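S.K.: Can you read through this structure? Questions will come right after.
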Amino acid sequence: MIEDYKNIIKNFTALSKVPRGSGHNEKISAFLCGFAKDLGLSCTCDKELNVIIKKPAQNGGAGKPVVLQGHMDMVCVEEPGTGHDFINTGLDLIFEDEWVRANGTTLGGDDGIALAYMMSLLEDKEIKHPDLICIITTDEETGMYGAKALDAGVFEDASYLINMDSENEDECLSGCAGGLRIDGRIPVNRATANGRQLDITVKGLRGGHSGAEIHKGITNAVRLLARILEELKSFAGYTVLSLSGGEKDNAIPSFAKASLILDDGFDRSQIEGYLKDIEAKYRRREKSISITAEFKDETSALTCTKDSFENVLFALLALPNGVQALSPDIEGLVETSLNLGVFALNEDEAKFNISLRSSVLGEKEFLSGRVRRILEKAGGTGTENSEYPAWEYKPVSKLRDAYAKAFEKTHGIPVKFNVIHAGLECGLFAKMKPELDMISIGPEMHDIHSPKERLNLSSSISLYKTVEELLSTIE
Ligand SMILES: [Zn+2]
């Protein structure tokens with residue numbers, strides 16, 4: 001294991017002993033307040049359990065206060081069979097050379113490292129820095145609920161905010177997309193149908209984050225299955241018993257499945273041949289794709305009537321999906337996109353879960369209107385949920401310039417600035433206090449939100465030194 005610097009590893013280890021899954025912020029919130037009070041610092045905790053700690057300027061630091069910000073909650077995922085009690089038990093950390101991970105579970109480096117940085121800065125009596133306001137929010141991972149409930153007064157007269165919820169050491173973010181989710185519903189009627197049951201499964205697609213990876217041309221399993229059902233109609237009649245795919249709001253579905261009751265007179269080898277052809281067509285972009293057909297016994301079941309399923313299929317085929325616009329300012333940056341993340345055909349309705357993102361004001365609203373028009377045309381409805389605002393890129397930023405200098409001084413190479421096509425709490429802060437000058441940074445972390453999550457400790461230390469340099473030079 002590598003040598004600690006200013007207690008970063010020690011503080012990260014201490015806070016990892018405190019359970020802090022999203023929705024269970026009580027223990028970590030109390031831990032952070034206790035930590036501040038032991039140092040004699042002012043600490044407040046609001047009704048959402050957001051923690052705000054203030055530390056006065058020291059060693060000649062002057063100017064307006066600087067906000068340091070991160071979120072205290074973490075995604076709780078474990079390897080099958082681990083049986084970790086995330087509510088009552090801390091994490092079992094494993095240190096391997098310059099990496100730390102957790103035994104069988106997510107690590108919560110996202111965003112525990114921000115907390116460790118703040119703890120170390122709060123303890124440090126040596127460095128020069130201006131007034132510091134540490135804002136540690138709750139439930140970022142499930143919908144930024146802590147940040148949404150913050151009182152704009154917490155920023156006081158600060159003009160700079162350093163968000164520490166990113167995961168590439170050599171990259172500094174200076175803008176992010178806003179987003180919203182549309183929950184679509186289309187009613188369906190069912191009637192008894194008799195015939196051979198056919199199950200079609202589409203699996204083995206790459207999947208991926210529906211914001212950060214939407215430009216990669218990843219096939220959406222639900223939309224591919226809709227295409228199959230559309231094309232199948234021309235040579236095999238059927239009604240639909242079930243249809244579903246996708247697991248998460250913010251992921252591109254890698255799996256979808258349909259159960260059909262076939263009308264009499266189908267040609268089994270023709271169906272199998274068609275599925276083989278379409279699998280081969282998509283294998284060019286999805287190397288591990290598998291489209292399988294399982295012919296089952298004759299059965300009798302309540303399936304969607306052809307008329308009502310036609311509405312559902314129309315929406316699945318007509319809805320826009322994927323990248324809608326690229327940024328004219330930043331090469332390769334997706335400006336506007338959407339993704340059907342989860343689809344399920346229930347007893348009396350089809351449910352669509354669609355995530356929209358855009359870094360430009362007004363674009364997601366227009367796209368949302370289009371999606372809702374199509375759902376309505378199909379006899380259904382769409383409602384907007386979980387909206388979060390964009391953090392628009394500012395052409396001029398003193399904080400960005402100061403960070404570029406500090407990074408080059410501590411690393412010997414220039415930092416890369418970027419804007420991401422996903423949400424950050426900074427969007428909410430920009431809305432609360434538009435004049436805030438912000439950056440988002442973080443040390444090297446891999447496989448976040450999965451049990452493989454790991455944090456690089458030497459990166460954590462070298463980036464911390466950049467933060468020290470920034471705080472001691474900022475004006
Ligand atoms: Zn995070």
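The rows are residues; the columns are (1) buried (at least 17 other Cβ atoms within 10 Å of the Cβ); (2) touching a residue at least 40 places away in the same chain (Cβ under 8 Å); (3) within 16 Å of the ligand (Cβ to nearest atom).
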| residue | (1), (2), (3) |
| --- | --- |
| 131 | yes, yes, no |
| 149 | no, yes, no |
| 156 | no, yes, no |
| 165 | yes, yes, yes |
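S.K.: Which of (1) closer than 28 Å to residue 214 by Cβ; (2) among the acidic types (Asp, Glu); (3) modelled with pLDDT of 95 or more is the odd one out, the single condition residue 329 does not satisfy?
M.R.: That leaves (3) as the condition not met.
S.K.: For residues that are part of a helix (DSSP H, G or I), touching a residue at least 40 places away in the same chain (Cβ under 8 Å) and over 29 Å from the mean Cα position of the chain (by Cα), tally how many sit in the stretch 23-56.
M.R.: Start the filter on the stretch 23-56 by keeping residues that are part of a helix (DSSP H, G or I), which leaves 26-38.
Of the ones still in play, those that are also touching a residue at least 40 places away in the same chain (Cβ under 8 Å) are 28-29, 32, 35-36.
Okay, now just the ones that are also over 29 Å from the mean Cα position of the chain (by Cα), so 35-36.
Selection size over the stretch 23-56: 2.
S.K.: From 238, 282, grab the single residue that is of a type in the set (Phe, Trp, Tyr) and crowded, with 22+ Cβ neighbours inside 10 Å.
M.R.: Numbers: 282 fails: crowded, with 22+ Cβ neighbours inside 10 Å.
Selected residue: 238, the only one of 238, 282 that is of a type in the set (Phe, Trp, Tyr) and crowded, with 22+ Cβ neighbours inside 10 Å.
S.K.: In the stretch 42-52, which residues are of a type outside the set (S, T, N, Q) and out of contact with any Phe, Trp or Tyr (no Cβ under 8 Å at 6 or more places or on another chain)?
M.R.: Matches in the stretch 42-52: 43, 45, 46, 47, 49, 51, 52.
S.K.: Under the condition of being aliphatic (A, V, I, L, M) and without any contact (Cβ under 8 Å) to a residue 40 or more places away in the chain, which residue from the stretch 219-235 is surrounded by the fewest Cβ atoms within 10 Å (Cβ to Cβ)? Before you say what the answer is, go through the steps one by one.
M.R.: Quick first cut of the stretch 219-235, residues aliphatic (A, V, I, L, M) only: 221-222, 224-226, 228-229, 232.
From what is left, the residues that are without any contact (Cβ under 8 Å) to a residue 40 or more places away in the chain are 221, 225.
Numbers: 221: 28, 225: 24.
Going through the qualifying residues, I end up with 225.
S.K.: Which numbered condition in (1) within 16 Å of the ligand (Cβ to nearest atom); (2) closer than 25 Å to residue 353 by Cα; (3) in contact with a helix residue (DSSP H, G or I) (Cβ under 6 Å, 6 or more places away or on another chain) is the only one that residue 140 fails?
M.R.: Every listed condition holds for residue 140 apart from (3).
S.K.: On to the next question. Just the residues that are within 16 Å of the ligand (Cβ to nearest atom) and either over 30 Å from the mean Cα position of the chain (by Cα) or farther than 17 Å from residue 124 by Cα (or both), please, taken from the stretch 57-71.
M.R.: Filtering the stretch 57-71 for residues within 16 Å of the ligand (Cβ to nearest atom) gives 68-71.
The answer is 69, 70, 71.
S.K.: For the stretch 37-45, indicate whether the set of residues that are at pLDDT 95 or above and of a type in the set (Lys, Arg) is non-empty. Steps first, answer last, please.
M.R.: Initially, the stretch 37-45 is screened for residues at pLDDT 95 or above, giving 37-45.
In the following step, the residues that additionally are of a type in the set (Lys, Arg) were identified as 37.
Scanning the stretch 37-45, I find at least one residue that is at pLDDT 95 or above and of a type in the set (Lys, Arg), so the answer is yes.
S.K.: Can you tell me how many residues in the stretch 424-474 are in a strand (DSSP E or B) and among the aliphatic types (A, V, I, L, M)? Reasoning before the result, please.
M.R.: Applying the first criterion (in a strand (DSSP E or B)) to the stretch 424-474 yields 437-440, 445-446, 454-456.
Still in the list and also among the aliphatic types (A, V, I, L, M): 438-439, 445, 455.
Going through the stretch 424-474 one residue at a time, the tally reaches 4.
S.K.: Is it the case, given these coordinates, that residue 41 is within 16 Å of the ligand (Cβ to nearest atom) and buried (at least 16 other Cβ atoms within 10 Å of the Cβ)? Give the derivation first.
M.R.: On the way: within 16 Å of the ligand (Cβ to nearest atom): no; buried (at least 16 other Cβ atoms within 10 Å of the Cβ): yes.
Against the criterion (within 16 Å of the ligand (Cβ to nearest atom) and buried (at least 16 other Cβ atoms within 10 Å of the Cβ)), residue 41 does not qualify.
S.K.: Answer yes or no as to whether residue 170 is in contact (Cβ under 8 Å) with a residue 12 or more places away in the chain, more than 16 Å from the ligand (Cβ to nearest atom) and touching a helix residue (DSSP H, G or I) at 6+ places or on another chain (Cβ under 9 Å). Before the answer, list the steps.
M.R.: Numbers: in contact (Cβ under 8 Å) with a residue 12 or more places away in the chain: yes; more than 16 Å from the ligand (Cβ to nearest atom): yes; touching a helix residue (DSSP H, G or I) at 6+ places or on another chain (Cβ under 9 Å): yes.
Criteria met by residue 170.
S.K.: Test of understanding: among 450, 440, 460, 368, which residue is more than 20 Å from residue 70 (Cα to Cα) and polar (S, T, N, Q)? Reasoning before the result, please.
M.R.: On the way: 450 fails: more than 20 Å from residue 70 (Cα to Cα); 440 fails: more than 20 Å from residue 70 (Cα to Cα); 460 fails: more than 20 Å from residue 70 (Cα to Cα).
Going through 450, 440, 460, 368 in turn, the sole match is 368.
The values are calculated or read from the model by the stated rules, or taken from the named source; none is laboratory data. Computed from a predicted model, the values in this text were never measured in an experiment. We place every Cβ from the backbone using ideal geometry, glycine too, and count neighbours over all the protein chains shown.
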